[in-house]
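None of the figures in this text is laboratory data; all of them are computed from the coordinates on show. Note that this is a predicted model, so its numbers are computed, not measured. Don't worry about glycine lacking a Cβ; one is built from the backbone with ideal geometry, like all the others, and counts go over all protein chains shown.
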Amino acid sequence: MTAEAIRATAPRPRAATPARAGAVGAADPDRPLRIALLTYKGNPFCGGQGVYVRHLSRELARLGHTVEVIGAQPYPVVDGGVTLTELPSLDLYRQPDPFRTPRHGEYRDWIDALEVATMWTGGFPEPLTFSLRARRHLAARRGEFDVVHDNQTLGYGLLGLDRLGFPLVTTIHHPITVDRQLDLDAATGWRRRASVRRWYGFTRMQGRVARRMPSVLTVSGSSRQEIAEHLGVRQDRIHVVHIGADTDLFSPDPAVARIPGRIVTTSSADVPLKGLIHLVEALAKLRTENPGAHLVVVGKRADDGPVAAAIERYGLEGAVEFVKGISDPELVDLVRSAQVACVPSLYEGFSLPAAEAMATGTPLVATTGGAIPEVAGTDGETCLAVPPGDAGALSAALGRLLGDPDLRRRLGAAGRDRVLRRFTWRQAAIGTAERYREAMVSTARGRAAAAPSPGGRA
């Protein structure tokens, strides 16, 4: 379905009235804002976007703003002081029956039919269909929010929200076109490559929508450059607001003993972007000199694929453990128990795992992929940095840290200090709220310029 066809089916906006949000809220920097935060993928156990929504919404609420998170399945987790509004999809990818065909009675409207049809033809419908449901929901609630913040949905339904009276800000963590290219590079055979291209078909829509967004936030300077290059968004519309770690939760605790040889990473075994295959290869090299070295992966284990094959090939079944579904305190204690944390990713738009590990005082080995150096540093003072995809360099850095307790203590303390100075969620919330007010001023000016002059014809 084209953007024009979708806009034609969307609710027609009523005549706009002067918005208190733009005229008053932006002019008064002390007035709390009413924020709608949209996320089609908001569960913090499913990836960084969910972590972003949870912590940003909490810190915005602590600043005194009213925050309502509007999300689809798997539903976001929100903390006290934040309202969650569930905007259900058909949940076509739920476990244990992903890619399911809904029963006849589950269909509610044409958006549901579009969602299923897109899945049946090998595409990923959720960014588009969530945006359409969100537009319909917001159209019925005009006047209730000062600003709408989209968390990388970038669906056609977002177009024209300003005409409904909603200043709009969107966050792009990094262009999904990066994931698409890495998955294509890892695909074998023309059938698999065709399937990858179809699955990522939604990225064309996201590029078109991104270019029309008045204000785009991103989490790093690296992502800012890639958004401009990959999506064609004007540089002057892209603003960097660094995110960070929950430094109260992710903090050092001397009572948690470090386990000799333990390396911890956060990764999905079946996502080439995360570089887990290279860490497994590095572990195999490392264990020839340090047989006690072992890896704990926070993430789901794939029963087949290159990572599973590498674990079997190198005889690492007893040296690699996968854990999933653990609570935040359990995750923190797991990171605290490691002698070394590792981020082996080929690319990251920010890297929350790096910031969180550093916040606990756990020394870090990380690649220089994407924005990771912006977070972790590259000078050897706050982490040991290696090129992405280089298992030999990764093994050498891990071995160096495991064998040098003084270096581990120094890097751990310096990493914690770097996060406290530069990467906290409170700082992220303050910077984001400033961008909200700028968007409100810009929207109010646009309405004023478009309004008919007194005595003129409408």
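A few notes on this one:
- Those trypsin sites (Lys or Arg not before Pro) in the range 308-352 that DSSP places in a loop and that have at most 15 other beta carbons within 10 Å: LYS324
- Placing a label point 7 Å from the Cα of LEU63 along the Cα-to-Cβ direction, the residues of the range 139-169 with a backbone N closer than 15 Å are 146-150, 169.
- Built amide H within the under 5 Å cut-off of VAL147, gap 5+: ARG34, ALA36
- Point-charge dipole on Cβ atoms (K/R +1, D/E -1) for the range 262-422, about Cα centre, debye to 20: 340
- Applying 1/(1 + (r/R0)^6) with R0 = 60 Å to the Cβ-Cβ distance of THR85 and ASP404 gives a FRET efficiency near 0.75.
- Ascending count of other beta-carbon atoms within 10 Å, so fewest first, for LEU346, LEU316: LEU316, LEU346
- Extension gain, ALA257 back to SER327 (0.36 nm per residue minus Cα-Cα distance, nm): 23.3 nm
- Amide H contacts under 5 Å for VAL264: VAL296, VAL340, ALA341, CYS342, restricted to partners 5 or more places along the chain or on a different chain, H placed in the peptide plane at 1.01 Å from N.
- Ordering ARG258, ARG103 by the number of other Cβ atoms within 10 Å of each residue's own Cβ, fewest first, gives ARG103, ARG258.
- From most to least packed by mean Cβ count within 10 Å, the peptides 96-102, 144-150, 86-92, 419-425 give 144-150, 419-425, 86-92, 96-102.
- For the chain, the Cβ-based charge dipole about the Cα centre amounts to some 1620 debye (Lys, Arg positive; Asp, Glu negative; other atoms uncharged).
- Across the range 378-386, coupling constants 3J(HN,Hα) worked out from phi with the 6.51/-1.76/1.60 Karplus curve, θ = phi - 60°, read 9, 8, x, 8, 10, 6, 9, 9, 9 Hz, and Gly and Pro carry x.
- Ordered by the count of other Cβ atoms within 10 Å of each Cβ, fewest first, TYR200, TYR314, TYR156, TYR347 give TYR314, TYR200, TYR347, TYR156.
- Debye equation applied to the C-alpha atoms of the range 262-422, log10 I(q)/I(0) at 0.15, 0.16, 0.17 Å⁻¹: -0.71, -0.82, -0.93
- Trypsin sites (Lys or Arg not before Pro) within the range 106-142, DSSP loop, no more than 13 other Cβ atoms inside 10 Å: ARG108
- Under Stokes-Einstein, with the Kirkwood radius over Cα pairs as Rh, the value for the range 79-126 at 37 °C and 0.692 mPa s is 270 µm²/s.
- Dipole magnitude for the range 107-253: about 900 debye, using +1 per Lys or Arg Cβ and -1 per Asp or Glu Cβ, origin at the Cα centre.
- Using R0 = 22 Å, the C-beta based FRET efficiency linking GLU312 and SER195 works out to 0.30.
- Pairs of alpha carbons in the chain whose separation is greater than 33 Å (percent): 39
- All distinct Cα pairs of the range 31-82 go into the 1/r average, and the inverse of that average, the Kirkwood radius, is 10.7 Å.
- Pair-distance profile P(r), taking every C-alpha pair of the range 99-195, with 10 angstrom steps and integer %: 13, 34, 31, 18, 4, 0
- Over the chain, relative contact order from alpha-carbon pairs under 8 Å, at least 6 apart, %: 15
- Counting only aspartates and glutamates at least 8 places from LYS274 when in the same chain, those with an alpha carbon closer than 12 Å to its own are ASP179, ASP183, GLU348.
- Looking at the range 219-313, the GluC sites (Glu not before Pro) that sit in a DSSP loop and have at most 11 other Cβ atoms within 10 Å of their own Cβ are GLU289.
- Centre-to-centre separation between the Cα atoms of the range 75-150 and those of the range 261-313: 35 Å.
- Cα-based reach from LYS300 at 12 Å (exclusive), listing aspartates and glutamates while leaving out same-chain residues under 8 positions away: ASP270, GLU321
- Computed helical MRE - 222 nm, the chain, DSSP H runs ≥ 4 contributing -39500 (n - 2.57), nearest 500: -12500 deg cm²/dmol
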